[in-house]
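The values are calculated or read from the model by the stated rules, or taken from the named source; none is laboratory data. Since the model is a prediction, treat every value here as computed from it, not as a measurement. Virtual Cβ from ideal backbone geometry, glycine too; neighbours counted across all protein chains shown. Each accessible area value is taken on the protein alone, full model and side chains, heavy atoms only, with ligands, DNA and RNA left out. Shrake-Rupley method; radii C 1.70, N 1.55, O 1.52, S 1.80 Å.
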Amino acid sequence: MSRTALATIHLGALRRNLARARARARAQGAQVMAVIKADGYGHGLERVARACADADALGVAALGDGLRLRSAGNRQRIVVLSGPDEAGDLAELRRLDLDAVIHHEAQLRWLEADADARTLRVWLKIDTGMHRLGFDPAQVADAHARLRALPNIDPDIVRMTHFAASDEFDNASTHAQIACFDAATASGVGPRSLANSAGLLGWPAAYRSTNATNWVRVGGLLYGLSVVEGRSGLDFGFEPAMTLSTRLISVKAVAKGERIGYAASWECPEDMRVGVAAIGYGDGYPRSARAGTPVLVGGVRAQVIGRVSMDLITLDLRNAPSARIGDGVTLWGTGLPVETIAAQAGTIAYDLTCGMTRRVLFVEDED
Ligand SMILES: *Cc1c(COP(=O)(O)O)cnc(C)c1O
């Protein structure tokens with residue numbers, strides 16, 4: 001057990017991050033959907049949902065996630081962000097009391113053909129420039145009116161869109177997306193939803209509630225993940241919700257000129273101590289992490305040298321002279337932003353937290 005890689009999930013950090021997001025949203029009169037797709041960005045669907053009891057709604061990627069949450073006894077409002085995949089999903093959405101995002105014509109026809117008397121809550125997604133999911137702006141007034149005409153659809157239809165580049169706080173394309181959304185929704189009334197985490201930080205005009213409720217859909221910031229390149233979640237006052245750790249299982253002296261690991265890619269510049277920690281790409285630590293990627297050994301910064309293996313990584317211990325076998329090694333989390341590791345691995349923080357494998361033992365920390 002002691003060798004197992006541990007992902008410690010900080011429930012208090014999740015709760016405090018949600019409270020921070022809510023305070024910002026509330027300042028503009030907006031409500032908060034906590035986005036917990038991809039198993040809560042890798043932190044665990046059910047536990048993140050429990051920590052987000054104060055959210056006004058939860059957002060999941062697919063119907064199966066909603067089923068999991070209802071099976072676990074969750075009674076919150078839950079929005080299925082991709083909506084029904086086939087007509088047969090509508091009865092299940094109704095049975096489970098899940099909101100459906102409707103983003104294309106075929107889904108609208110399934111709804112029009114559906115005589116089920118149970119009320120379904122619907123979000124209408126508009127493609128304002130990202131060109132992934134959503135109705136063309138020109139179709140929106142008609143789609144909205146058709147939905148409003150259906151007796152088994154809740155009339156409080158939330159019109160929504162998703163930003164492509166809101167992480168750049170001065171990006172003209174976000175201004176264009178907001179203008180496009182405003183034009184497409186000018187006729188008709190009802191709630192609106194535009195902003196994701198970066199929108200919450202940088203685009204308050206996108207979630208100011210004037211005549212109707214506005215919803216912010218917050219993912220990354222809940223987990224303390226930065227949504228802005230070159231910054232960490234901490235820079236915006238959000239705390240990391242996952243700490244990934246393991247132990248040092250070997251320390252040895254290696255002579256100057258000797259090479260470390262597969263492909264002998266790293267050469268010792270002097271006689272030095274090399275540590276081995278029990279974690280690798282088989283746990284979800286990125287194989288692409290370059291030599292020089294930082295870790296904490298007993299709280300002291302050391303760095304990865306050589307290639308990341310399946311079960312092991314090798315560490316330069318010159319900076320940690322007191323490091324001993326059995327010492328705790330932190331790969332990311334409290335004290336070491338996951339964004340730093342992501343930058344060294346050529347990816348983003350979301351990719352790392354979503355990538356933990358089944359071998360990693362998840363534990364909960366109330367704080
Ligand atoms: C993932 C997602 C979000 C949350 O995005 P973050 O940038 O992580 O806050 C919001 N809305 C939709 C539709 C999404 O798919």
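Quick notes on this one:
- Residues of the range 94-121 that are assigned to a helix (DSSP H, G or I) and either touching an Asp or Glu at 6+ places or on another chain (Cβ under 8 Å) or open to solvent by 40 Å² or more (accessible area, probe 1.4 Å) (or both): 94, 95, 105, 106, 109, 110, 112.
- Per the listing 295, 251, 304, the residue uniquely open to solvent by 10 Å² or more (accessible area, probe 1.4 Å) and of a type in the set (A, V, I, L, M) is 251.
- If you go through the range 315-344 and keep only what is open to solvent by 10 Å² or more (accessible area, probe 1.4 Å), away from the ligand (no atom under 16 Å from the Cβ) and part of a helix (DSSP H, G or I), you end up with 340, 343, 344.
One line per residue, one yes/no per condition, for (1) assigned by TED's automatic domain parsing to the domain that holds residue 177; (2) at pLDDT 95 or above; (3) within 26 Å of the chain's Cα centre (by Cα); (4) not hydrophobic (A, V, I, L, M, F, W, C):
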residue	(1), (2), (3), (4)
92	yes, yes, yes, yes
95	yes, yes, no, yes
104	yes, yes, yes, yes
119	yes, yes, no, yes
135	yes, yes, yes, no
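- The set of residues from the range 37-61 being free of Cβ contacts under 8 Å to residues at least 60 places away in the same chain and in a loop (DSSP other than H, G, I, E, B) comprises 53, 54, 55, 61.
- Only one entry in 201, 124 is out of contact with any Leu (no Cβ under 6 Å at 6 or more places or on another chain), open to solvent by less than 30 Å² (accessible area, probe 1.4 Å) and closer than 30 Å to residue 237 by Cα, namely 201.
- Residues in the range 151-166 that are assigned to a loop (DSSP other than H, G, I, E, B), in contact with a Leu (Cβ under 9 Å, 6 or more places away or on another chain) and of a type in the set (A, V, I, L, M, F, W, C): 157, 163.
- Residues of the range 1-51 that turn out to be open to solvent by 50 Å² or more (accessible area, probe 1.4 Å), over 13 Å from the mean Cα position of the chain (by Cα) and within 16 Å of residue 338 (Cβ to Cβ), as a count: 1
- Filtering the range 19-36 to residues that are in a loop (DSSP other than H, G, I, E, B) and within 13 Å of the ligand (Cβ to nearest atom) leaves only 36.
- Filter result for residue 140 (within 21 Å of residue 36 (Cβ to Cβ), hydrophobic (A, V, I, L, M, F, W, C) and in the same structural domain as residue 183 (by TED's automatic domain parsing)): no
- Count of the range 215-232 residues which are more than 11 Å from the ligand (Cβ to nearest atom) and open to solvent by less than 10 Å² (accessible area, probe 1.4 Å): 1
- Matching entry among 183, 91, 145 (being in contact with a Pro (Cβ under 7 Å, 6 or more places away or on another chain), part of a helix (DSSP H, G or I), open to solvent by 40 Å² or more (accessible area, probe 1.4 Å) and away from the ligand (no atom under 16 Å from the Cβ)): 183
- Residue 54 open to solvent by less than 10 Å² (accessible area, probe 1.4 Å) and of a type in the set (D, E, K, R): no
- For the range 188-214, the set of residues classified as over 30 Å from residue 334 (Cβ atoms), within 10 Å of the ligand (Cβ to nearest atom) and outside any loop (DSSP other than H, G, I, E, B) consists of 193 only.
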